[in-house]
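*Asks:* Dropping a structure here in structure tokens format, bear with me for questions.
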Amino acid sequence: MVQRGDTCCFTTLPYVAPNGPDELAIRNLEPSDLDSLIECVRRCYGDSYPEADFYDRDALNEQLITGRLISNIAVTPEGGVAGHIGARTPFPGDLVADSIAGFVDPAYRGHRVIYRAGAAMARRFLDRGVRGLRHCTTGAHDRTQRPIVAAGGVATGVLLGHAPAGTDFREIGHDFGNARIGVVVYYQGFEALPPLSIHPPTRYADRIEAFAREIGIERTIVSEHTASSETFAAEVHHDRHSGISHFRLTAERAQEDRALAGLLEAEASRCGPVGYVDVPLCDPRAARQIDWLAEHGFFFGAWLPGTAKSEMLRMQRIVDAEVAPEKIRINARGGNELLHWIAEVERAQH
């Protein structure tokens, strides 16, 4: 549980001011900061940061306007951005958010800047009604993972090739070489999510139930599934910068629902080396669609806890790309078993 006050959302320890650059102020990101924010991204990662919209002023501005982006920055007395931490909701008003873009200018590292920004973010999450965060944390090192685990975060998946090969973690080395860099997915709860009935296939039911018990949320696995309709509304995004093609199915009806097989075939020529399909688990059609994906080269990526609209199971597929699961650093309790299951057992079967 995150408490009000100076408790960082990434740690259970109270914030203690460091003997460092106290002149940095922590405040909300504003549209006028976006150019300076992008400059900070380039100082931290060059052109290699996998979140493409953090180089796109218009995209960030739209997310601020709609309220999807919840974002804090550390600023110098001159007004320049020296650090950032943020989260994005799947849609405005949802009870979960996906953490994004925690980074600090190399000149200010080692002074707990992220912890200061995180303390302010924790208060904003509570004010916005956000009950939990879903983190995709780099497997190139475990520095980011440690405070999440200390704050009660539970690993619910591993995405083997989430970041492009050659991602430049300025002044932080790693040994992935020419391979894409994996990430570990964590869920960190502040307050309990509403109970849900979900429809995973049998092969994943026990594992999701175990995740839910560890997090402390109620999930009822429904073993009876329906195939009354195999068409879905879908959002499709091909990100050339990261090399990821992301298909997000929704249970909502659309003007033109499409069968998953036809959708993937139609988009095949545009797909990157890594593909994700997020399937809504509260939809009775979920198990059938996940089984179909497993028969066509996709394997378990992550369980993404959420609300009835946003809880998903992410299936992943890697085509014509080198990955290095053995290089992934994972800090979670039981993390090595989870990594082995996904990288060796699941991937080999599909």
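The values are calculated or read from the model by the stated rules, or taken from the named source; none is laboratory data. Note that the coordinates shown come from a computational prediction; the quantities given were computed from them, not determined experimentally. Here the Cβ positions follow ideal geometry from the backbone for every residue, glycine too, while neighbour counts run over all protein chains shown.
*Asks:* Restricting attention to segment 254-283, report how many residues are buried (at least 17 other Cβ atoms within 10 Å of the Cβ) and of a type in the set (D, E, K, R).
*Replies:* 3
*Asks:* Filter segment 143-164 for residues that are surrounded by fewer than 19 Cβ atoms within 10 Å (Cβ to Cβ) and at pLDDT 85 or above and give the result.
*Replies:* Matches in segment 143-164: Arg146, Ala150, Gly152.
*Asks:* Shifting gears a bit: Looking at segment 95-109, I want the residues that are not assigned by TED's automatic domain parsing to the domain that holds Leu304 and surrounded by fewer than 19 Cβ atoms within 10 Å (Cβ to Cβ) and have a partner that is assigned to a helix (DSSP H, G or I) and among the basic types (Lys, Arg) with Cβ atoms under 7 Å, at least 6 apart or on another chain. Which pairs are those?
*Replies:* Pro106/Arg43
So that you can scan it fast, the table gives a plain yes or no per residue for (1) modelled with pLDDT under 95; (2) touching a Lys or Arg at 6+ places or on another chain (Cβ under 8 Å):
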residue: Glu265; (1), (2): yes, no
residue: Asp278; (1), (2): no, yes
residue: Pro284; (1), (2): yes, no
residue: Leu304; (1), (2): no, yes
residue: Lys309; (1), (2): yes, no
residue: Met315; (1), (2): no, no
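*Asks:* Find all pairs meeting these conditions: Cβ atoms under 8 angstrom apart; at least six residues apart or on different chains; first residue within segment 324-350 and farther than 17 Å from Gln145 by Cβ and not assigned by TED's automatic domain parsing to the domain that holds His162; second residue of a type in the set (S, T, N, Q) and surrounded by 19 or more Cβ atoms within 10 Å (Cβ to Cβ).
*Replies:* none
*Asks:* Take segment 208-223 and flag every residue that is touching a residue at least 40 places away in the same chain (Cβ under 8 Å) and either closer than 16 Å to Arg285 by Cα or part of a helix (DSSP H, G or I) (or both).
*Replies:* Ile208, Phe211, Ala212, Glu214, Ile215, Val222
*Asks:* For a quick check of your reading: which strands (runs of 3 or more DSSP E) sit entirely within segment 30-113 and have at least 1 residues that are within 19 Å of His162 (Cβ to Cβ) and modelled with pLDDT of 90 or more?
*Replies:* 81-88, 96-104
*Asks:* Sort out which residues of segment 109-118 are more than 20 Å from the chain's Cα centre (by Cα) and farther than 8 Å from Gly83 by Cα, and write them in order of number.
*Replies:* Selection gives Arg109, Gly110, His111, Arg112, Arg116.
*Asks:* Report, by residue number, each residue of segment 176-227 that is among the β-branched types (Val, Ile, Thr), closer than 27 Å to Ala163 by Cβ and assigned by TED's automatic domain parsing to the domain that holds Cys282.
*Replies:* Result: Ile208, Ile215.
*Asks:* Working carefully through the options Ala321, Ala308, Ala286, Ala251, find the one that is over 20 Å from the mean Cα position of the chain (by Cα), surrounded by fewer than 18 Cβ atoms within 10 Å (Cβ to Cβ), closer than 23 Å to Val96 by Cα and in contact (Cβ under 8 Å) with a residue 12 or more places away in the chain.
*Replies:* None of the other options fit; the residue is Ala251.
*Asks:* Step by step: first the residues of segment 224-237, then only those that are under 30 Å from Ala266 (Cβ atoms) and in a loop (DSSP other than H, G, I, E, B), then the one that is modelled with the highest pLDDT. Which residue is that? Step through it out loud before you land on a result.
*Replies:* Going residue by residue through segment 224-237, those that are under 30 Å from Ala266 (Cβ atoms) are 225-237.
Among the residues that remain, those that are also in a loop (DSSP other than H, G, I, E, B) are: 225-230.
Values: His225: 66, Thr226: 65, Ala227: 60, Ser228: 55, Ser229: 60, Glu230: 69.
Here the answer is Glu230.
*Asks:* OK, next. Looking at Glu295, is it modelled with pLDDT under 95 and within 19 Å of Val183 (Cβ to Cβ)? Spell out how you get there, then give the answer.
*Replies:* Values: modelled with pLDDT under 95: yes; within 19 Å of Val183 (Cβ to Cβ): no.
So Glu295 does not fit the description; no.
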